[in-house]
1. For the stretch 96-150, name all the residues that are hydroxyl-bearing (Ser, Thr, Tyr) and without any contact (Cβ under 8 Å) to a residue 24 or more places away in the chain.
2. Could you tell me which of the residues 37, 63 is modelled with pLDDT of 95 or more and not assigned by TED's automatic domain parsing to the domain that holds residue 198?
3. Does residue 21 count as of a type outside the set (Gly, Ala, Ser), in the same structural domain as residue 209 (by TED's automatic domain parsing) and in contact with a Ser or Thr (Cβ under 8 Å, 6 or more places away or on another chain)?
4. Check every one of the helices (runs of 4 or more DSSP H) wholly within the stretch 100-198 and list those with 1 or more residues that are of a type in the set (Ser, Thr, Tyr) and surrounded by 17 or more Cβ atoms within 10 Å (Cβ to Cβ).
5. Tally up the residues in the stretch 182-199 that are under 16 Å from residue 119 (Cα atoms) and free of Cβ contacts under 8 Å to residues at least 40 places away in the same chain, please.
Amino acid sequence: MIKKIGVFGGLGPLASAKFVETIYFCGLQNVANEQELVEVILYSKPSIPDRTEYLLQGKTEVLFQELSKGIEKLISCGAEKIIVCCFTMHYLIPQLKENIRSRIIQLPSILLLEIIKQRKTVLLLCTKGAKKLKIFEKDLLWNHASKYIVRINDDDQELVHNAIYKIKKNDPNKVVSNELASLLKKYKANILGAGCTEFHLLSSKQYFNSMEDNFPSFIDPLITIAESLVLPKS
């Protein structure tokens, strides 16, 4: 069992902070006391430039330096495994050295594996950067998961991208909720795939039982990871 985990956050800051809360919410359901919980090291740096903007413009070096420095800080603090709380940033992970790369729990892989397990028709939601850079298609699990996945058209992708930035600013209002519910119905999918960590701000509300009942459900890899960091009740 992992004793100490690192979270590279700030991408955006509310989503990574909520992820830490989710880890402990899950943990407290399964341990006798808080002393048994996993140690979490959060490195949150919101000043890192917009990943979609920089990567689509080919400005990879600045982001890669930030990624490398952040991971080095977490490792120096003793992190055994690391979660980079941004799907779009995963575009740069293959450029890391193998001994560093092996410490990272890769979100696209976790999401695709969960999709394969659930065998539901999934509407995959992500930034336009992640879509254009084929973040998911480059994963080894894509060929197995793709038969369950529905991708949206370019017009709807713009709508989703804008919704992500509204959620990022802590504005997941009724309009955003209704837009996502409408897309799920339009594409005849069963469930939403959280291909951007900002959606954790919505899926965690469901998980904490504080979201309205009619909001569509997510497959969220951050929740999958949080649940994996605790031992099941005996």
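1. Result: 102, 146.
2. 63
3. no
4. 107-118, 174-186
5. 0
The values are calculated or read from the model by the stated rules, or taken from the named source; none is laboratory data. All figures in this text were calculated on a predicted structure; none of them were measured in a lab. Ideal geometry is used to build each Cβ from the backbone, glycine not excepted, and the neighbour counts take in all protein chains shown.
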